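Report on one structure; see the data block that follows.
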């Protein structure tokens, strides 16, 4: 485990109370771990802007939309250099869930995600990106 450093932080009492309520709802055992997670998130977020990333695009769509499954597949083939894998699940008679796992330059990953999410028939989509280099260099999280 990395050496721990102690710091002091001044925070408005109302903000601290809201933060304590928030972290209690998330299940944190203490403020320190919550602060570490917030810092990690910001470090990853800043690294994601310009570097290599891994990510997932989660899509929910109506598979009855004309040619939608083919359009999704064609687009993934166009971006074959960043698509690692996909997972497809049938939610009900009309809707499917698809998770596309990506790796590459953040700009290209974002472009593919934007194009997938904007296709007619996609009801909801979200991209989540992370930087494995930053996570491995700056974190040691206990399960």
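The values are calculated or read from the model by the stated rules, or taken from the named source; none is laboratory data. None of these values were measured; they are calculated from a predicted model. Cβ placement follows ideal geometry from the backbone for every residue including glycine, while neighbour counts extend to all protein chains displayed.
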For segment 118-143, pairs from a residue that is more than 14 Å from residue 36 (Cα to Cα) to a residue that is part of a loop (DSSP other than H, G, I, E, B) and at pLDDT 50 or above, with Cβ under 6 Å and 6 or more apart or across chains, are 121/65; 131/51
Quick one: which residue in 95, 66 is out of contact with any helix residue (DSSP H, G or I) (no Cβ under 9 Å at 6 or more places or on another chain), at pLDDT 95 or above and either farther than 20 Å from residue 132 by Cβ or surrounded by 18 or more Cβ atoms within 10 Å (Cβ to Cβ) (or both)? 95
For segment 32-63, which residues satisfy the criterion of being at pLDDT 90 or above and farther than 30 Å from residue 90 by Cα? none
